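Some notes on the structure that comes next.
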Amino acid sequence: MRSCCCEIKRACAWCPLPETWYMRSLHRTGAPHGERSARWEAPSPAMDEQVPVLCEQLVRAVTVMMEPESSQEYRLEALKFCEEFKEKSPLCVPCGLQLSNKSQSPFIRHFGLHILEHVIKFRWNDMAPENKVCLKDSVMDLISHGIRTILEEESHIKDMMARIVVEMIKREWPQHWPDMLNELDSLTRVGEAQTELVMFILLRLAEDVVTFQNLPPQRRRDILTTMTQNMNVLFAFMLNILQQSVQQYQHLKTDPTNSEKAQGMCRVAVAALNTLAGYIDWVTISHIMADNCKLLGMLCVLLSEPELQLEAAECLLIAVSRKGKMEDRIPLLILFGDEAIEYILSVAQMADTETLEEKRYILLKRICQLICTLGTQICALTQNPDLKVNVPGNFNKYLETLLSFTQHPSQFLTSSTMLTWGTLFRHEVLSRDPHLIAAVPDFLRASMVSIVRVGFPSKDNSPSCKYSKLDFESDEEFNNFFNSFRALLGGVVRAACYLDPKTGFRIAKEWLSYQLSAPLDPGPHNSKPGETPCSMLSTSFLQWEAMTFFCECVISQYFRVVPKEELPVTEGMGLLQQVLNYETMDPLILSFVLTNLSSLIPFISYMSSYMPPVLSKLLDAISFQLPGDTKVSKSRGVMNVRRHANSSLIKVCRDYPELVLPHFEQLHARIKAMLGEEQLLTQMGKCALMEALILVSNQFKNYDKQRAFLEELVSPLVSMWISEETQRAFSGPNEFISFVGADILASQQEEEDRGGPNRSQLGLCTFTLLAMVKRSQWPTDLEEAKAGGFLIGYNPSGAPLFRNPCAGILLKVLDSLLALIRTMNSLYLPEVMSKMGDTFCKSLNMLEMDKKILTGSSQPTIEDYDFPVKTILSRIQVFFASLFDSCHHILGNCGPSIPHEFYSIPNMTSHLLSSVFTNLDNVPDYRLRIILRVFVKPFIISCPPEKYESLVCPILGPLLVYLHQRLSRKWLSINQRTTVSEEDYTEEDSESQEVLEEQLARVLTREVVDLIGSCCIARKGVDFCASTADVGHSAGQADGDDEEMMATEAVVPGTIELTELGQFLVGNEEISTALLVISYSPLVWKDTIACQRAASQLCWPLLKQVMSTSLPADAALCLFSNILCGLQAHGQHESCKFPLLQLAFQTYEALRPQYQELRGLMEQVPDIQRDSLEQFDTKLLSPQLKASEKKRREQFRKLIAGCIGKPLGEQFRKEVHIRNLPALLKKKTRPALDSESVLSSCDGSLMALFQP
């Protein structure tokens, strides 16, 4: 065998021959200049002389590519030479075979084998049959005599040889290569290396045919059918290889002189186990259970073989994890036998007691997964009453094994058992098993250990740390895992307490009592002098954190499960008294004390006399200070305690207002006194106290009394809000900047923050108004509302109209609120920002915390104990952000809270347009997003129908047009960035800023889609998004032609309808146009989530409603064009492809009969078949010729397949074409019957049927 070469434009440094030689050589081989050989021919004698020369040049080229010292220019030249050789040379096969000789270096051999693989994948269809046979025989001969020993041969060489054989099998077996299995069997008799390679071939064949399914449906069916028919022989063959190799390995490993031989047999056994693992998952269960469960027994025995136990465990795990029919899984319960469980448990103990090694630890994980999967199978089988599967007799032994993994120091192993425990505790049958109920206390005590946040890989303070170093790369990764694990563990603890709530409560009580009596232990990482005694790494902090979470889970479930008459009120009140009596000046510990207090508060409903001390404890915590502090401390611990106490007080007043009401006067007096001390509370603390009072005041159930109380409570703040000084500050941006002290940012000198008090008062006003509008409400009972004076009448539809006690206060400050919003929007005017300077502009920027959340930046694992020192700039930045949010929250809550008064304000539309929607061009995206989500959405949704025309239309119509224009410019700018050269970037441009801007465009687009959906779409029944995603997943698993079917049949028609508001908006011509345009635009914008939501929820319901009236032809073209462009942009994403295909099909079928122009648009689809389009249109326009909907969808999908986008990795990939072979089973054709002869022969018989 010899070789030839390909054309190269010029001589390369690694090839001394001139260019003319390549040209002459190319002409001698018969390949025209610049053309690819049409088919591979056997080399002539003249060509044979070229092979050594070309092989030498290929070796030099590959060497240049692999050597680090080679320059980029030479490396690219060498790569070009090799690629052209593979594509154009007619002598790739002989060159590839010669380069694959074992005398060559490994990377040269790999390149030679790669040439052969390339020929098989891309030239096989052009080869003559005799050349195919010659190549196949050469490859098999190469495997027999051209590879090194099993220990010497490189793994990538073995993998490449297996790939070559499998590629030939995929093209020729079984029709043209019926003896393939016999030839593989013959190879196993040559040596260990060949046997291992045969295992690789069988494994790769199973992966390509069953797992990846990367060949045409018919070829896949042919190969899979033949494999299934021969599976008895194939499985016995693999088992025999495994058994023989294991026996020889066990025999040879004891002889030191045969250590290499033993290692070789071990390699064969490992390969056999890996190959079996590739088949066990999908072959029929009878093969696995054949010969009295020979395979499972062998795998259990191999668990004790150190060199093979990991592969054996993986095989067992795959076998136990089998899906499919329930009755097929019943034989797997043999692994619940005593002998099998003992094998598994002994291996786990052996792996755990030895020195920690990564391989041993991986084995332990596999054994843990095996135990957990066994539990999943027994749960599934016992759940089905038709199978009549009983609980295994040694179920208690299984639970002990599962519990041993739960008690393991490794947090990963513990977390792996949680899903199994949760399934067992929630199981209808097994949850009643006495062994499982008896295991609940042990599980809860094991959870008490696992729930402690220890095991960081950078630490050595726990046995878990050494395992975490193998499982996690950093403390941050461990912390993220632990948060998820603890949430999962909490759910399982609640499920366990559902079975045995009294035991859970007893354990929680013991732990809480112990922590309350134990002295604090700061641990080795205690804080610096002058700071609190505990840090987040202190032993006491970790124990209190774990205990608090555990008690929350247990006690909350206890109140849900145990009947009221069986609650241990005395024990609960005693525990509550212990918590109330506990005193500590450690803010971290006090925060946990408050959490436990909140958990025990439900006991107060049985003994209301404890409410005053509870309120007193919370109020003391709200004003908590460290010893020696004369004003509010800014330490993180103190601030967390105050926030925690605020939220706990609000929770008590929200959930138990009837219990607080008898003590309202005392509470009011205490809060009033606290509000009078300016240095005692933060503004948020003052707001929380007033919010608690507002919640309790709802229990007055008397409109006049509640209104008078609210007016008294907020009158100082309202007076400040409507004062002349404040009104002047709201009149314009310059006045407002001076009022809040932001003008200090314009100067370069450090000055006193004189605007701090004004900012503080303004913040308190807005927070309190927001609390009032959210919390103040009328009674839910109609009779109580009528008796209390809240009912003012009924609307035209008969629904009652209520008045809110806070309405008068809100209407009093509403004009000032709108003026403030207008002024805040004016801060972004270019003239204002240029006048104030760059520092002021930074104060209007997005908060760093919001940026991190938006971009998904990681947060620190362990928070700093103290807040960073805030500058004037950071304070003003936070103030602007919170004030903007609060103002729009107040305005947005006016609609649901005071609908009658709010929507009846004269000229409301003009007021809103001149305030909220002024200067939107300069308002940044992160502020516009708040306007849409916080104000516009609730304002429109809560609007009464009689106000649609006067309020919704004048606002929503222009807003939708503006949002479409703004987002279109944003996405155009983002798309153009890919075409900008590096020279066009300036120093100010940064990658992080571009990422932030693009992410803001995405969330704003989703916000707009969500706004339209909330206003116009009513979802009923199955969630459309979930159904399309599920169908898409199932379609990927389908067989044969079903793989290519559009998976949209499962979308239930009629699940999405237009709301009353949606029908009204679509009926308005101007708004309907804007709705359609902005609903179809996300299809082409590069955000998959917005595209998926719009395609599946918005587009078709809106279009269907508009079609009933009128739709211009250019609009129909535009909408359908957006769908096709959306397929081009998002077709690579399954979540978008299926709803877009469904939408395209529905739209074309609905619009094509009315709009002939769509035909021209369809003709522009790449690679469309004009005759197929003509046939589809003919059937579409002729109802009597219409096929079934399923067939029409499939035909349409094939028509537009050319415009469906592909992932970047597939766009330029060279396609592999595998031809179908003659069918294995030919369908028998029935002869056509002559109808006349049949009828004539049956004439007499037919008449006889009707004779009496």
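Each peptide in 185-197, 494-506, 774-786 receives the mean, over its residues, of other Cβ atoms within 10 Å, and ordering these scores from highest gives 494-506, 185-197, 774-786. In the structure shown, the pairs K812/K852; K261/K466; K158/K359; K170/K1214; K102/K359 are assessed against 27 Å; a Cα-Cα span above that value is assigned to K812/K852; K261/K466; K102/K359.
Ordering I1168, Y1148, A1187 by Cα displacement along the dipole of region 1113-1219 toward the positive end leaves A1187 in first place; charges were set at the Cβ atoms of Lys, Arg (+1) and Asp, Glu (-1). Surface composition of the chain: carbon plus sulfur atoms contribute 52% of the solvent-accessible area (1.4 Å probe, protein chains only, all chains present).
Each part gets one Cα centre, and for region 785-818 versus region 821-839 those centres are 37 Å apart.
Dipole size in debye (nearest 20) for region 593-699 around its Cα centre, Lys and Arg Cβ +1, Asp and Glu Cβ -1? Write out the running numbers ahead of the final one.
On the way: 11 positive and 8 negative charges, 70 e Å.
Here region 593-699 has a charge dipole of around 340 debye.
Using only side-chain charges placed at the Cβ, +1 for Lys and Arg and -1 for Asp and Glu, the dipole size of the chain relative to its Cα centre rounds to 1640 debye. Here is the size of region 593-699 from its Cα atoms: Rg then Dmax, 13.4, 40 Å.
What the Cα convex hull of region 357-477 gives, in volume per residue, is 106 Å³.
Near L1058, the amide H atoms lying under 5 Å from its own belong to A1018; only residues 5 or more places off or on other chains count, and H is placed 1.01 Å from N. Of the residues V165, S138, L151, the one whose Cα sits farthest towards the positive end of the charge dipole of region 135-233 is V165 (charges of +1 on Lys and Arg Cβ, -1 on Asp and Glu Cβ, taken about the Cα centre). Along the positive direction of the dipole of the chain (beta-carbon charges: Lys, Arg +1; Asp, Glu -1; about the Cα centre), which of L891, W1100, Y610 reaches farthest? Checking the options against the dipole of the chain, the answer is W1100.
Whole-Hz Karplus values for region 644-660 come out as 4, 5, 4, 5, 5, 5, 5, 5, 5, 5, 7, 8, 10, x, 5, 7, 7 Hz, taken residue by residue from phi with 6.51 cos²θ - 1.76 cosθ + 1.60 and θ = phi - 60°; glycine and proline positions read x. Per residue, the accessible area of the chain comes to 46 Å², computed with a 1.4 Å probe over protein heavy atoms only. Here the label points at V1216 and S608, each 7 Å from Cα along the C-beta direction, are separated by 7.7 nm in the simple model. What is the local net charge at F481, summed over the other residues whose Cβ is closer than 13 Å to its Cβ (Lys, Arg +1; Asp, Glu -1)? Result for the neighbourhood of F481: -3. Note on the chain: Cα-Cα pairs beyond 47 Å make up 55% of the total pair count.
The values are calculated or read from the model by the stated rules, or taken from the named source; none is laboratory data. As the structure is a computational prediction, the values presented were derived from the model and not from experiment. Note: ideal-geometry Cβ built from the backbone for every residue, glycine included; neighbour counts use all protein chains shown. In case anyone asks, the SASA skips ligands and DNA or RNA and just uses the protein heavy atoms, side chains included. Shrake-Rupley method; radii C 1.70, N 1.55, O 1.52, S 1.80 Å.
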